[in-house]
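Encoded as structure tokens, the structure appears first; notes follow it.
The values are calculated or read from the model by the stated rules, or taken from the named source; none is laboratory data. From a predicted model like this one, the values you see are computed outputs, not experimental measurements. Every residue, glycine as well, gets a Cβ built from its backbone with ideal geometry; the counts of neighbours run over all protein chains shown. For the accessible areas, the whole protein counts, side chains as well, though only heavy atoms, and no ligand, DNA or RNA atoms are used. Shrake-Rupley method; radii C 1.70, N 1.55, O 1.52, S 1.80 Å.
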Amino acid sequence: MGNVTVIGGQWGDEGKGKVIDWLADRADVVVRFQGGNNAGHTIVVGDKTYKLSLLPSGVVQGKLSIIGNGVVVDPWSLMDEIGRARAQGLEVTPDVLVLADNATVILPLHRDLDQAREARAGAGKIGTTGRGIGPAYEDKVGRRAIRFADLSDREALETKIERLLAHHGALRAGLGLTPVTPADILAQLAEITPQVAPFVKPAWRILGDQIRAGRRVLFEGAQATLLDVDHGTYPYVTSSNTVAGQVAAGSGVGPQAGGYVLGIVKAYTTRVGEGPFPTELHDEIGARLGERGHEFGTVTGRPRRCGWFDAALVRQSIRVGGVQGIVLTKLDVLDGIETLKICTGYTLDGRPVDYLPAGLRDQARLVPVYEEIEGWSDSTQGARSWKDLPGAAVKYVRRIEELVGAPVALLSTSPQRDDIIMMRDPFLD
């Protein structure tokens with residue numbers, strides 16, 4: 001039995017939470033390795049719905065859950081989320097949850113900066129969640145970030161805060177924000193530190209011990225490949241690397257530890273926020289997909305833009321993400337649509353293109369090339385075996401496999417945990 005890495009293959013919101021929860025039942029450890037509380041996973045278990053942002057999905061089943069060093073963490077948001085999870089009956093204790101001591105702290109000043117920049121940008125805004133994720137990553141690579149290990153060392157903390165404010169003071173003044181003093185930040189951290197400190201540990205060491213002991217590890221990605229800061233639709237991306245290659249750097253393990261890579265993709269395409277979207281639909285079918293798929297952001301509640309399945313984008317995500325098998329979700333949302341379309345490539349100024357160009361203006365001018373495929377009238381919702389699917393639905397899935405160049409390992413047919421058809425066991429590959 002090996003390890004498994006799960007990443008998104010589109011623009012996020014592909015249903016990773018349910019799939020990760022299903023896989024977590026067979027894993028011993030679940031690890032978050034990038035992102036922050038700008039990402040969200042929804043898990044439905046019976047009549048309970050859990051909405052997680054920072055907490056790894058393993059907490060729902062009481063599995064050892066690790067927030068790795070590649071995650072930027074708002075401690076106030078984390079403690080609020082722990083409180084909500086406990087109110088729903090989950091036991092979130094330091095025995096279950098580990099927070100990397102070398103992870104970066106998101107401070108209130110990061111949220112201030114994020115929101116002020118977006119407001120100043122006007123029509124040119126990127127569409128961030130305003131949670132301070134980007135500014136926190138900027139401070140991390142700028143070598144001025146506060147890390148959780150610093151919270152227990154008052155002298156070192158004071159020095160680091162001075163360095164941090166030497167940068168942020170000028171930014172705040174330029175944006176018309178109220179000045180922040182070292183005393184302000186020290187007071188904020190003094191309040192939250194006793195609450196978060198029991199969870200702070202050397203995550204790389206704990207995870208390494210688990211791997212050496214033969215435990216099965218599930219690495220849980222946030223956002224998706226097309227939001228990767230290098231490989232996504234830049235600048236309309238997140239501030240971290242979301243591909244499977246980030247597992248090693250973001251959790252403190254070797255590059256071989258990620259194991260089998262699963263890419264989650266919807267049977268259609270959605271996107272939250274700004275940026276190019278070649279197959280976006282502004283018609284009745286687009287509205288139907290959004291309504292039937294309950295397409296609203298887990299964290300922000302923003303409605304998602306909807307469109308046809310884009311095989312060219314997913315094919316590219318599979319290559320840069322190292323994906324070995326895909327999980328196709330929300331097939332049931334397509335029930336009852338007479339004719340479906342799949343984007344197989346594009347034209348750019350009249351010439352054929354089979355990938356997403358890196359240039360923003362080129363991306364905006366792409367015209368999708370569609371292949372039509374017969375839809376189905378019977379319901380696929382809740383199907384748990386291949387024979388339960390209508391013939392046309394099977395053909396649709398098989399055609400997607402051909403176009404993206406990867407097999408469907410798992411097929412999800414509803415939000416419920418057990419409504420999954422498994423074609424291949426990722427833990428055995």
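If only one of 38, 102 is in contact (Cβ under 8 Å) with a residue 24 or more places away in the chain, touching a strand residue (DSSP E or B) at 6+ places or on another chain (Cβ under 8 Å), within 23 Å of residue 164 (Cβ to Cβ) and part of a loop (DSSP other than H, G, I, E, B), which one is it?
102
What residue, among those in segment 371-385 that are within 28 Å of the chain's Cα centre (by Cα) and open to solvent by 70 Å² or more (accessible area, probe 1.4 Å), is nearest to residue 341 (Cα to Cα)?
So the residue we want is 381.
Just name the residue that is farthest from the chain's Cα centre (by Cα) out of those in segment 139-169 that are open to solvent by 70 Å² or more (accessible area, probe 1.4 Å) and under 30 Å from residue 274 (Cα atoms).
Top of the filtered list is 143.
Residues being assigned to a strand (DSSP E or B), open to solvent by 50 Å² or more (accessible area, probe 1.4 Å) and among the aromatic types (Phe, Trp, Tyr): count how many of those fall in segment 322-369.
Total satisfying the criteria: 0.
For the structure I just gave you, tell me whether residue 207 is farther than 19 Å from residue 426 by Cα and in contact with a strand residue (DSSP E or B) (Cβ under 8 Å, 6 or more places away or on another chain).
For residue 207, the condition - farther than 19 Å from residue 426 by Cα and in contact with a strand residue (DSSP E or B) (Cβ under 8 Å, 6 or more places away or on another chain) - is met.
Can you say whether residue 355 is at pLDDT 95 or above, farther than 24 Å from residue 234 by Cβ and touching a Phe, Trp or Tyr at 6+ places or on another chain (Cβ under 9 Å), as far as the supplied structure shows?
no
Restricting to segment 110-137, name every residue that is under 17 Å from residue 177 (Cβ atoms), open to solvent by 40 Å² or more (accessible area, probe 1.4 Å), of a type outside the set (D, E, K, R) and part of a loop (DSSP other than H, G, I, E, B).
Hit for segment 110-137 is 128, nothing else.
Restricting attention to segment 296-305, does a residue exist that is more than 18 Å from the chain's Cα centre (by Cα), assigned to a strand (DSSP E or B) and touching a residue at least 12 places away in the same chain (Cβ under 8 Å)?
Looking for residues that are more than 18 Å from the chain's Cα centre (by Cα), assigned to a strand (DSSP E or B) and touching a residue at least 12 places away in the same chain (Cβ under 8 Å), one finds none in segment 296-305, hence no.
Those residues that are touching a residue at least 24 places away in the same chain (Cβ under 8 Å), open to solvent by 40 Å² or more (accessible area, probe 1.4 Å) and closer than 22 Å to residue 30 by Cβ, I need them from segment 388-429; list them, please.
415, 416, 417, 418, 424, 428, 429
Which numbered condition in (1) hydroxyl-bearing (Ser, Thr, Tyr); (2) touching a helix residue (DSSP H, G or I) at 6+ places or on another chain (Cβ under 8 Å); (3) over 27 Å from residue 49 (Cα atoms) is the only one that residue 413 fails?
In the conditions (1) hydroxyl-bearing (Ser, Thr, Tyr); (2) touching a helix residue (DSSP H, G or I) at 6+ places or on another chain (Cβ under 8 Å); (3) over 27 Å from residue 49 (Cα atoms), residue 413 misses (3) alone.
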